[in-house]
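Visitor: Sharing a structure, written as structure tokens. Questions coming.
Every read-out reported here was derived from the displayed coordinates using simple, explicitly stated rules and does not represent laboratory data. All values derive from a computational prediction rather than experimental measurement. Cβ atoms come from the backbone with ideal geometry, glycine included; neighbour counts cover every protein chain shown.
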Amino acid sequence: MANHAQASPYAAGAPRGIFNLAWGVAATLLSVLWTAPCAIAAAIAATMGKPHAVTVISRAWGRGIIGLCGIKVQIEGLENLAGLKSYILVANHQSFFDIFAVAAFIPGEPRFVAKKELLKIPVVGYAMQRGGHVIIDREAGGKAIRKAIQIIRSGLDVCVFAEGHRFSDNRVHEFEDGAAWLAILSKLPAVPMSISGSGLIFPRLAKVVTPGCAMRMTIGKPIATEAMRSADRTELTRRLEEAVRATFTTEV
């Protein structure tokens, strides 16, 4: 599907002032230090079977990093989530700050679909596995699918970055159909959300955050899936991708 927006790639390590660079280095180091106690606390809460506590800790983690980096997060369309008990949030993906912002500001009990490789990260992997996140393990087959649906139907809200991985070229790329498939199987509404500007903050190859920037999350209207079948996932994927493209902007 063609991208109709004019793209302007983000350059990792672009020249910047000494103050901005020093702030970025300090914010990056402090964010790593802040992640460690948050991961430990989330792991403990998950082990004790307290999913809401995991959410509270995740919000503190995300807001702490965003605050340290001086990032302004603009959110539009929150009214589209009103009245939804649970949902599948489907978004594009430019930066780790997409994760921080969703954890910090999206209402409900947000969790993420993540690759199993993340489980290898000490403490963080344990917290994710026990904290209600949906771990993608293709080798586990039907067992992994059943566990994913069980997590989704437990009252948690799941965020899927439908492009498959991060892109730092300031464009929306073709969506994979996994998000639509999960929404149809769980019979939960699929909610499109575009994320703009986050690639400038921390491009894929960057080592240091660019602080003091802004990003925008625009939440679209939910798409009901109760009457859909597995065969409808291609059409649902198309609708979700088009909705995200319609509100994505190359400048924030």
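Visitor: Looking at the chain as a GNM with Cα springs under 10 Å, which of Ile65, Ile149, Ile184 has the largest mean-square fluctuation?
Guide: Result: Ile149 has the largest fluctuation of those listed.
Visitor: Right, here's the next one. Once you've got the Cα coordinates, tell me which of Lys116/Lys187; Lys85/Lys221; Lys50/Lys120; Lys187/Lys221 are over 18 Å apart. Walk me through the numbers before you get to the answer.
Guide: On the way: Lys116/Lys187 24 Å; Lys85/Lys221 15 Å; Lys50/Lys120 23 Å; Lys187/Lys221 16 Å.
In this structure, Lys116/Lys187; Lys50/Lys120 lie more than 18 Å apart at Cα.
Visitor: Now for a separate question. Over all directions, how big on average is the projection of the convex hull of the alpha-carbon atoms in the stretch 32-126, in square nanometres? Walk me through the intermediate numbers first.
Guide: Values: hull surface 27.0 nm².
Over all viewing directions, the stretch 32-126 projects a mean Cα-hull area of 6.7 nm².
Visitor: Could you list the trypsin sites (Lys or Arg not before Pro) in the stretch 223-252 that lie in coil according to DSSP, counting only those with at most 10 other Cβ atoms within 10 Å of their Cβ? Write down the numbers at each step before the final one.
Guide: Numbers: sites: Arg229, Arg233, Arg238, Arg239, Arg245; in loops: Arg229.
Filter output for the stretch 223-252: Arg229.
Visitor: Of the candidates Ala231, Ala103, Ala91, which one comes out as most mobile in a Gaussian network treatment of the chain with C-alpha springs shorter than 10 Å?
Guide: Maximum among the listed residues: Ala231.
Visitor: Work out the P(r) tail for the stretch 194-252: percent of alpha carbon pairs separated by more than 12 Å, whole number. If you can, show how the numbers build up before the last one.
Guide: On the way: 1234 of 1711 pairs.
In whole percent, the share of Cα-Cα pairs in the stretch 194-252 beyond 12 Å is 72.
Visitor: A further question follows. Starting from 0 in steps of 5 Å, tell me what percent of the Cα-Cα pairs of the stretch 74-198 lands in each bin.
Guide: Whole-percent P(r) values from 0 Å outward: 2, 10, 21, 25, 22, 13, 5, 1.
Visitor: Long-range amide H contacts for Ile135: which residues qualify at under 5 Å (H placed 1.01 Å from N, peptide plane, sequence gap of 5 or more or a different chain)?
Guide: Ala114
Visitor: Looking at the chain, what % of its DSSP beta bridges pair antiparallel, to the nearest 5? Could you put the intermediate results ahead of the total?
Guide: Values: 5 of 24 bridges.
Counting DSSP beta bridges with both partners in the chain, the antiparallel share is about 20 percent.
Visitor: Further, regarding this structure: Grab the Cα-Cα distance for Ala22 and Lys85, subtract it from 0.36 nm times how many residues apart they are, and report the gain in nm with one decimal. Walk me through the numbers on the way to the answer.
Guide: On the way: separation 63, 0.36 × 63 = 22.68 nm, distance 4.31 nm.
Full extension from Ala22 to Lys85 adds 18.4 nm.
Visitor: Here is a further query. Using only the Cα atoms of the stretch 128-252, what semi-axes does the equivalent ellipsoid have when each is the square root of 5 times a gyration tensor eigenvalue? Give whole Å, largest first.
Guide: On the way: eigenvalues 148, 69, 33 Å².
Over the Cα atoms of the stretch 128-252, the ellipsoid semi-axes are 27, 19, 13 Å.
Visitor: Quote the FRET efficiency, to the nearest 0.05, computed for Ala53 versus Arg238 with a Förster distance R0 of 30 Å and r equal to the Cβ-Cβ distance. Working shown, then result.
Guide: Numbers: r = 38 Å, r/R0 = 1.27.
Calculated transfer efficiency: 0.20.
Visitor: Can you give the extra length, in nm with one decimal, that the chain gains between Thr35 and Glu76 once fully stretched, where that is 0.36 nm per residue apart less the Cα-Cα distance? Let's see the in-between values first.
Guide: Values: separation 41, 0.36 × 41 = 14.76 nm, distance 2.72 nm.
Roughly 12.0 nm would be gained on extension.
Visitor: Right, here's the next one. What Kirkwood Rh does the chain have if only Cα atoms enter the pairwise 1/r average? Answer in Å. Could you put the intermediate results ahead of the total?
Guide: Details: mean 1/r = 0.0541 Å⁻¹.
Here the Kirkwood hydrodynamic radius works out to 18.5 Å.
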